[in-house]
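Working notes for the structure below.
A short reminder: the numbers here are calculations on the coordinates, not readings from a lab. Model, not experiment: these values are computed from the prediction. Virtual Cβ from ideal backbone geometry, glycine too; neighbours counted across all protein chains shown.
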């Protein structure tokens, strides 16, 4: 007898429908798997036999052929265990075939018949709703994730036996997990307050501009000057996630297998900080069946690359196009996959290998040729895409003393603004951009043509900008970035038109154009 059950396999962020076909025929007892299945799927034959037996079900003593259609599509993952088991039960007469009509399912089977969670259930639920499925059956641990998709019935079971009970129309209630109808409350503050950063006026202002306009930021300074301290406070300045942004982040983390079990959407902007020894695949994404890398995992959040000059140059150069387009296309012989990566890059590096070049009291021991080789790891096109390039100077002892007062008062007593104060200005600037820019894009993410139609600049500012491009030999991209930063500055200051002072301030954040 032939039986079918529907599931899906992941290709990038998308779930591709797969029909699981099971046929019982004459011959010696065996289970043959066809349809370009990976090792995890081939191993399901052993999990399947034990799970059926330990659930009080019969394993057919005949030849079993399992086909995963379409046959030319590569499949991977342990989520095929449950659909194979259900189709096998229908083929062997232990389950009525009408109970699988319009049903999608995916879960891993334990040897005792328990259903275990898999990655990418959110993408699978979206595909099931798009295909008009009447319900999606998943492991209990994946129930809350699948319930994020409206218009789809979600059945969550803890075991194979409980799944069969849910398929029975006269069985227990099929009420699925509660559906989150709105974004959960924002998480409590992490304790990383901008008020803890003493001094660094230039760096703090650059951080505020980066948060408001989604501009990429490079921090250069000696060890211990506060580069990492500044970078880790950027997520707290970003506005709260919208529901669409939270859903996109949740789907990426689900496909990557990093989604924590729990109710609802991810409500906190991601902050990813990979080590400088990571590979290009880990940073950009890829693999045989491509998965998102750190750049996509930081979508709508912050990607922090500490010790930027220690990354291999060929790895860093792969960031160039994604930083500008906000997406990554990974091409393989049989498929091409798109991953979104609309992220704010914050990079930090020392000025030289020893770290002390330009320091007022520490002597640099690096030869000029060694410093040149160090900076040669950062290509000109990459530096060209970093809108804000800031030199971070060491903090004087009398400023550091503010953090160690015997009786500190409020966060702003040292004269440094707190995260809450700066974040309020950032939200107001984003609102101005949302009302002015097409589709509500930030200044950093707006297309060139669209930005040209939105920008307003007075004559004096225009003359200064044109003079700076000629005198500093800026590229067309760098000149455009200067205007975008200047527009963000006036948005933060509540002005309508780019002024000469805004252009001058924006130019002060281009410290390393001579290297590009």
Inter-probe distance in nm under a simple model that places probes 7 Å from Cα toward Cβ, at residue 448 and residue 310: 3.6 nm
If you take every DSSP beta bridge fully contained in the chain, what fraction is antiparallel? Give it as a percent rounded to 5. 45 percent
What is the fewest-to-most order of 269, 134 by other Cβ atoms lying within 10 Å of their Cβ? 134, 269
Likely footprinting exposure, 375, 155, fewest C-beta neighbours within 10 Å first: 375, 155
log10 of Debye I(q)/I(0), alpha-carbon scatterers only, for the chain at 0.08 Å⁻¹: -0.62
Quote to one decimal, in nm, the extra length available between residue 365 and residue 335 on full extension: 0.36 nm per residue of separation minus the C-alpha distance between them. 5.8 nm
So what's Rg/Rh here for segment 207-515, counting alpha carbon atoms and using the Kirkwood radius for Rh? 0.97
Return P(r) of segment 2-167 (all Cα-Cα pairs; 5 Å bins starting at 0; whole %; ordered from short to long distances). 2, 10, 20, 24, 23, 14, 5, 2, 0, 0
At R0 = 30 Å, how high is the FRET efficiency between residue 28 and residue 168 if r is their beta carbon distance? Nearest 0.05 is fine. 0.35
When the chain is fully extended, how far beyond the present Cα-Cα distance does residue 325 get from residue 73, taking 0.36 nm per residue of separation? 87.8 nm
Which ordering of 62, 349, 344, 7 is given by a fewest-first count of other beta-carbon atoms within 10 Å? 62, 349, 344, 7
On a 0 to 90 degree scale, rounded to 10, what angle separates helix 243-255 from the longest Cα axis of the chain? 60 degrees
Could I have the simple spin-label model distance between residue 458 and residue 260, label points 7 Å from Cα toward Cβ, reported in nm to one decimal? 5.0 nm
Tell me the angle of helix 44-54 to the major Cα principal axis of the chain, expressed in degrees between 0 and 90 and rounded to the nearest ten. 60 degrees
Calculated from DSSP H runs of 4 or more alone, at -39500 (n - 2.57) each and per residue, what is the 222 nm mean residue ellipticity of the chain, nearest 500? -9500 deg cm²/dmol
Which angle from 0 to 90°, rounded to the nearest 10, does the C-alpha axis of helix 476-492 make with the longest principal axis of the chain? 90 degrees
